[in-house]
């Protein structure tokens, strides 16, 4: 299967370099340099994934992500300035699934994108297709829907994957390094905060007090536990 990717980047040399690499990996890549036009294309064309820069003419990447997230189910990977943690926080807040720091390393970008697309497209076992119930939290892996107390909860692809991973192990401490290897397919380097930020966003969506969380607990120096 050839995936269709919209690469939203107004730095044309960078965009062409990334496109050429992804095309060589059998992806179909469309470049768009204007944020407003990118939002319109995501709404009207069948893309499988979006790679989205932040600093764009017409509409910045945060606004693009916020506007398309309600109707675009595929992974959105945001390109952020290296070391700018606030960009990473905002990207996840507006619905991005992941971020890759600039200067872009195409192979790292490809690895992140493959990881997200694989989990969407290949639920290969009965375990991956079941409904998981933890108290009043219901996770339907077949439809990728989540209900809390009977009410639907809107999650991004990455948030759904993390919540499902923790829910399968409800009541157990899940090491952070294990989460990184399973969900991001990279070793935890002790500095990356992408999983921590994803947990923070999940807590808010699940009504969990971020100061004294009762549902998703932090186990200092180890990882996380979904309580039951």
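The values are calculated or read from the model by the stated rules, or taken from the named source; none is laboratory data. Because the structure is a prediction, the values reported are computed rather than measured. Neighbour counts are summed over all protein chains in view; Cβ atoms, including those assigned to glycine, are modelled from backbone coordinates with ideal geometry.
Numbers for the structure displayed
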quantity: Meets criteria (touching a residue at least 60 places away in the same chain (Cβ under 8 Å), more than 30 Å from residue 4 (Cβ to Cβ), surrounded by 16 or more Cβ atoms within 10 Å (Cβ to Cβ) and in the same structural domain as residue 205 (by TED's automatic domain parsing)) for residue 183; calculated: no
quantity: Residue 188 being surrounded by fewer than 18 Cβ atoms within 10 Å (Cβ to Cβ) and not in a loop (DSSP other than H, G, I, E, B); calculated: no
quantity: Yes/no for residue 151 being out of contact with any strand residue (DSSP E or B) (no Cβ under 9 Å at 6 or more places or on another chain), surrounded by fewer than 17 Cβ atoms within 10 Å (Cβ to Cβ), at negative phi and at pLDDT 90 or above; calculated: yes
quantity: Residue list for the stretch 46-97, restricted to those being touching a residue at least 40 places away in the same chain (Cβ under 8 Å), more than 12 Å from the chain's Cα centre (by Cα) and outside any helix (DSSP H, G or I); calculated: 46, 47, 48, 52, 53, 55, 56, 57, 70, 79
quantity: Qualifying residue in the stretch 209-224 (condition: closer than 20 Å to residue 113 by Cα and in a loop (DSSP other than H, G, I, E, B)); calculated: no
quantity: Selection within the stretch 127-154 - farther than 19 Å from residue 198 by Cα, in contact with a helix residue (DSSP H, G or I) (Cβ under 6 Å, 6 or more places away or on another chain) and in a strand (DSSP E or B); calculated: 132, 134
quantity: Selection count where residues are buried (at least 21 other Cβ atoms within 10 Å of the Cβ) and in a helix (DSSP H, G or I), scope the stretch 24-45; calculated: 4
quantity: Some residue of the stretch 155-173 being out of contact with any helix residue (DSSP H, G or I) (no Cβ under 9 Å at 6 or more places or on another chain), on the phi > 0 side of the Ramachandran plot and modelled with pLDDT of 90 or more; calculated: yes
quantity: Any hit, the stretch 4-23, residues being touching a helix residue (DSSP H, G or I) at 6+ places or on another chain (Cβ under 6 Å), farther than 21 Å from residue 87 by Cβ and not in a strand (DSSP E or B); calculated: yes
quantity: Some residue of the stretch 86-102 being surrounded by 13 or more Cβ atoms within 10 Å (Cβ to Cβ) and farther than 23 Å from residue 202 by Cβ; calculated: yes
